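Participant: What follows is a structure written as structure tokens; I'll ask about it next.
Where a number appears in this text, it was derived from the coordinates with a stated rule and is not lab data. For clarity, every value in this text was computed on a predicted model and none was experimentally measured. Quick reminder, even Gly has a Cβ in these numbers, built from the backbone with ideal geometry, and neighbours come from all protein chains shown.
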Amino acid sequence: MATRFRKSRRYRGSRYCGWGQIGQHRQSGSRGGVGNAGKHKHLWIRTVIEEPDRFGHASINSHNRNVVNHWINVRDLDSLIQEDESKKNSKGQYILDLNSLGYDKLLGGGQVSSKFEVRINRISEKAREKVEGSGGEVAVIK
């Protein structure tokens with residue numbers, strides 16, 4: 001087709017080239033948006049077919065995971081007590097209420113040097129073995 005018969009030649013200088021008022025035929029309304037627009041709405045079937053794992057979250061980050069904000073190792077228990085007999089029970093064990101001190105979990109790093117009666121929400125198996133092995137007790141509070 002000759003160039004002189006093309007529609008674009010007729011529209012030279014007309015500013016809108018037959019597309020009406022300002023801005024028409026410039027945005028992306030005729031194709032449903034730009035980029036990932038409409039993936040949850042009008043382009044959902046395309047999402048299901050082409051990208052089924054696009055939305056949602058990784059299963060490793062569950063919504064109800066139990067987050068431990070403050071923890072302490074058994075090596076640090078000695079620094080929490082002071083050598084006074086008022087904090088000992090009848091068995092000669094130091095009483096430590098770690099919940100009231102703001103700790104969520106007791107971990108098993110280090111060694112235990114004294115006998116403790118520990119009260120805590122959560123405790124690791126290694127920490128339980130070390131505390132009970134040194135002649136102490138563990139009370140898990142729910």
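Participant: Assuming a strict under-15 Å limit between Cα atoms, what lysine pair count do you get for the chain once near-sequence pairs (fewer than 8 apart, same chain) are dropped?
Facilitator: Taking the Cα cut-off of 15 Å, the pair count is 7.
Participant: Further question on the same structure: Of all GluC sites (Glu not before Pro) in region 58-141, which ones are in loop regions per DSSP and have a Cβ with at most 11 other Cβ atoms within 10 Å?
Facilitator: Sites meeting the loop and neighbour criteria: GLU83.
Participant: Using the count of nearby Cβ atoms within 10 Å as a rough guide to exposure, how do LEU96, LEU106 rank from fewest to most?
Facilitator: Sorted ascending by nearby Cβ count, the order is LEU96, LEU106.
Participant: Of the beta bridges DSSP finds with both residues in the chain, what % are antiparallel, to the nearest 5?
Facilitator: 5
Participant: Residues with amide H under 5 Å of ILE123's amide H, sequence separation 5 or more or different chain, H placed in the peptide plane at 1.01 Å from N; which?
Facilitator: Under 5 Å from the amide H of ILE123 lie the amide H atoms of LEU106, each far enough along the sequence or on another chain.
Participant: Which ³J(HN,Hα) values, rounded to whole Hz and listed in residue order, are derived for region 107-112 from phi using the Karplus coefficients 6.51, -1.76 and 1.60 in 6.51 cos²θ - 1.76 cosθ + 1.60 with θ = phi - 60°, glycine and proline given as x?
Facilitator: Taking θ as phi minus 60°, the curve returns 9, x, x, x, 10, 9 Hz for region 107-112.
Participant: While we're on this one: Please list, by residue number, every one of the chymotrypsin sites (Phe, Trp or Tyr not before Pro) in region 19-119 that is coil in DSSP and has at most 13 other beta-carbon atoms within 10 Å.
Facilitator: TRP19, PHE55
Participant: Hey, what number do you get for the chain at 222 nm if only DSSP H runs of n ≥ 4 count, each worth -39500 (n - 2.57), divided across all residues, to the nearest 500?
Facilitator: -4000 deg cm²/dmol
Participant: Amide H to amide H under 5 Å from PHE116: which residues, 5+ apart in sequence or cross-chain, H placed 1.01 Å off N in plane?
Facilitator: For PHE116, the qualifying residues are TYR94, GLY136, GLU137.
Participant: Sorted from fewest to most neighbouring beta carbons within 10 Å, what does the list ARG54, ARG4 look like?
Facilitator: ARG4, ARG54
Participant: Among GLN27, TRP44, TYR11, whose Cα sits farthest toward the positive end of the charge dipole of region 3-50 (+1 at Cβ of Lys/Arg, -1 at Cβ of Asp/Glu, about the Cα centre)?
Facilitator: In region 3-50, that residue is TYR11.
Participant: Once R0 is set to 30 Å, what does the formula 1/(1 + (r/R0)^6) return for the Cβ-Cβ distance between ILE141 and ILE60, expressed as a FRET efficiency to the nearest 0.05?
Facilitator: After rounding to 0.05, the efficiency reads 0.55.
Participant: What ranking do ARG12, ARG122, ARG46 get, fewest neighbouring Cβ atoms within 10 angstrom at the top?
Facilitator: Final ranking by Cβ density, sparse to dense: ARG12, ARG46, ARG122.
Participant: Let me ask something else about it. Taking H as built 1.01 Å from N, whose amide H comes closer than 5 Å to the amide H of TYR11, not counting residues under 5 places away?
Facilitator: Distant-sequence amide H within range of TYR11: zero hits.
Participant: Whole-Hz ³J(HN,Hα) for each residue in region 44-58, computed from phi via Karplus 6.51 cos²θ - 1.76 cosθ + 1.60 with θ = phi - 60°, x for glycine and proline: what do you get?
Facilitator: 5, 5, 5, 5, 4, 7, 8, 9, x, 9, 5, 9, x, 9, 5
Participant: From the phi angles alone, apply the Karplus equation (6.51, -1.76, 1.60; θ = phi - 60°) to region 17-24 and give each ³J(HN,Hα) in whole Hz, x where the residue is Gly or Pro.
Facilitator: 6, x, 9, x, 7, 4, x, 6
Participant: Before anything else, pin down the relative contact order of the chain: Cα pairs under 8 Å, at least 6 apart, normalised by residue count, whole percent.
Facilitator: RCO, the chain: 16 percent.
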